[in-house]
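See structure below.
Read-outs: derived from the displayed coordinates by stated rules, not from any lab. A quick note: this is a predicted structure, and the numbers were derived from the prediction, not measured. So basically every Cβ, Gly included, is an ideal-geometry build from the backbone, and we count neighbours across all protein chains shown.
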Amino acid sequence: MMKAYNEIPKDPWYQNWKHSIEFIADTTAFFDKQVQKHGNIFRCQLFGFDYMRAQDADVTAILYKNSQDMVSTQGGWQPVFDGLFPNGLLMKDGKSHIVHRRIMQQAFNKKAMLVYFDCIKTWSNELALDLEKKQTVDFFPYIKQKTLDLALSMFLGFDTKNKLSTQVAKAFVDVVGATISIVRKPILNNKYHRGVKGRAHLKSIFLTLVKQRRENSSEDLVSFLCEATDEGGLSFSDEQIVDHIIFTMMAAHDTTASSLTSLMIQITQHSKWQDALILEAKQFTNISYEQLSDMHVADIVYKETLRVMPPIVTVPRVINVETNIHGFKIPAGTRTGINIYGNHHDERYWDNPYQFDPTRFERTDEKRHPYSYIPFGGGVHKCIGLYLATMEVKLIIQAIFSRLDVQRVQPDALIKYAKVPIMHPKNKFELRFNKLKR
Ligand code: HEM
């Protein structure tokens, strides 16, 4: 006999006001606390909505497999992206998502990847030279700016030194910042208002760019999307391309900046892994696309970084069809989420889950569940930029660690983290880069 939805344990109503605040302050601690109080399945109130959370990989599997369109991704992300990123891939379900994703996939095929490879390789070498010159940087804001510059040139073909690039970067930061504003109405230049204005600005600049690329094709994401068709010959309109570009840039640059910062956090704490990265990087001077798969140390260090510190700790969904989860009857329309960070730290699937140990990716771990490692998500919405992100990080590792080593400026300082919208240090995280003695 299934139990009723309102029997799912939750805090008393007068504590609901705290949930959104605690979720923003420390998302994973908030979920851990709820699990401790109520067990694996609980309800909470986030940003004015009632949520059911079931924190384990079996439920993740049900939500990702999404048989018979049981789950809506668009509905899940709507409160976050509405008015800001309205038509990106995560704001589409079912047939419309499949059609758009198939066309988009053309911008991530081998031909496109080779173009991105050349662009990232040149940029990574410049990045390493800049770090060698600057020596000390507050790493997260530094790499965020740099990866945005990369996105501007690789996706839009912009010269990052011109005025338009500065305007785009500023508008972009405003749109992303607005995704976590609690007030969702554009009032008196508040965060959300700045985001909406930023989006309008980006849209007008990118529409002009799409028209230019339709006339004179180049080698960037915009051109690839102008040319992309599915098997039936379907292609995107100008407006659709603009929406996909804005969304893809958002999905691409913050996540990569977050994961690189986390990698630096881990290897400055576990120096034997930095030594191993240096040794490997020196073997791949003038690396080719094919050689990327031989960067074994970079591969396992990055995988483990994404396990311990996934850039996106949770993703939202809405349940479309009444269903049974852990013996409770879950009605259609229920909001829920997938607990990426939780699955990555669950003792049911990992030995010593809080320990940074890249060698676990060299072993076949008996305890592992098909959905216990999901930094790039799963199912039909699994990250389209997975290979691009990995290529970018490997090229950056190669460029930096073939020339430099890195230390924390304040090795004993406690790092505090923001976990939404993406994982990053809240306070200064200064790194010093030193030229390697050959
Ligand atoms: C470390 C880097 C990255 C991480 C951890 C990451 C993570 C994710 C996750 C978890 C999702 C699924 C969200 C959900 O299911 O609700 C996703 C989707 C997506 N990602 Fe990434 N991502 C990264 C880099 C990138 C890059 C470099 C790009 C583009 C060039 C990109 C573009 C996208 C897009 C377009 C989607 C939506 C796919 C769809 O709905 O079909 N991501 N990403």
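Got at least one residue in the range 292-308 being surrounded by fewer than 23 Cβ atoms within 10 Å (Cβ to Cβ), over 28 Å from residue 416 (Cβ atoms) and within 14 Å of the ligand (Cβ to nearest atom)?
Yes, the conditions are met somewhere in the range 292-308.
How many residues does the range 366-386 contain that are surrounded by 15 or more Cβ atoms within 10 Å (Cβ to Cβ) and within 16 Å of the ligand (Cβ to nearest atom)?
Final tally of qualifying residues: 14.
What number of residues within the range 95-109 satisfy the criterion of being more than 10 Å from the ligand (Cβ to nearest atom) and buried (at least 18 other Cβ atoms within 10 Å of the Cβ)?
The qualifying residues number 1.
Can you tell me which residues in the range 395-414 are surrounded by fewer than 15 Cβ atoms within 10 Å (Cβ to Cβ) and within 15 Å of residue 262 (Cβ to Cβ)?
Of everything in the range 395-414, nothing turns out to be surrounded by fewer than 15 Cβ atoms within 10 Å (Cβ to Cβ) and within 15 Å of residue 262 (Cβ to Cβ).
Only residues in the range 14-29 that are under 11 Å from residue 417 (Cα atoms) count as the first member; pair them with residues that are among the polar types (S, T, N, Q), Cβ under 9 angstrom, at least 6 apart or cross-chain, and list the lot.
27/314; 28/314; 28/339
Would you check if residue 177 is of a type outside the set (Val, Ile, Thr), more than 16 Å from the ligand (Cβ to nearest atom), outside any loop (DSSP other than H, G, I, E, B) and under 17 Å from the mean Cα position of the chain (by Cα)? Give the derivation first.
Working: of a type outside the set (Val, Ile, Thr): yes; more than 16 Å from the ligand (Cβ to nearest atom): yes; outside any loop (DSSP other than H, G, I, E, B): yes; under 17 Å from the mean Cα position of the chain (by Cα): yes.
In short, yes.
Given (1) over 22 Å from residue 255 (Cβ atoms); (2) within 24 Å of the chain's Cα centre (by Cα), where does residue 404 come up short, assuming only one miss?
(2)
Scan the range 31-72 residue by residue and report those that are surrounded by fewer than 20 Cβ atoms within 10 Å (Cβ to Cβ), touching a strand residue (DSSP E or B) at 6+ places or on another chain (Cβ under 8 Å) and not in a strand (DSSP E or B).
Across the range 31-72, the qualifying residues are 35, 38, 40, 62, 70.
In this structure, is residue 363 without any contact (Cβ under 8 Å) to a residue 60 or more places away in the chain, more than 16 Å from the ligand (Cβ to nearest atom) and over 25 Å from the mean Cα position of the chain (by Cα)?
Yes.
Do we find a residue being under 21 Å from the mean Cα position of the chain (by Cα) and surrounded by fewer than 16 Cβ atoms within 10 Å (Cβ to Cβ) anywhere in the range 11-21?
For the range 11-21, residues under 21 Å from the mean Cα position of the chain (by Cα) and surrounded by fewer than 16 Cβ atoms within 10 Å (Cβ to Cβ): absent.
If you scan the range 79-94, which residues turn out to be within 8 Å of the ligand (Cβ to nearest atom) and within 15 Å of the chain's Cα centre (by Cα)?
Those that are within 8 Å of the ligand (Cβ to nearest atom) and within 15 Å of the chain's Cα centre (by Cα): 88, 89, 90.
Please list, ordered by first then second residue, the pairs with beta carbon atoms under 6 Å, 6 or more apart or interchain, first in the range 371-384 and assigned to a helix (DSSP H, G or I), second within 7 Å of the ligand (Cβ to nearest atom).
Correct list of pairs: 381/73.
Is there any pair linking a residue in the range 312-337 that is without any contact (Cβ under 8 Å) to a residue 40 or more places away in the chain to one that is aliphatic (A, V, I, L, M) and away from the ligand (no atom under 12 Å from the Cβ), with Cβ under 7 Å and at least six apart or on different chains, and which?
Partner pairs satisfying both residue conditions: 322/330; 322/332; 332/319; 332/321.
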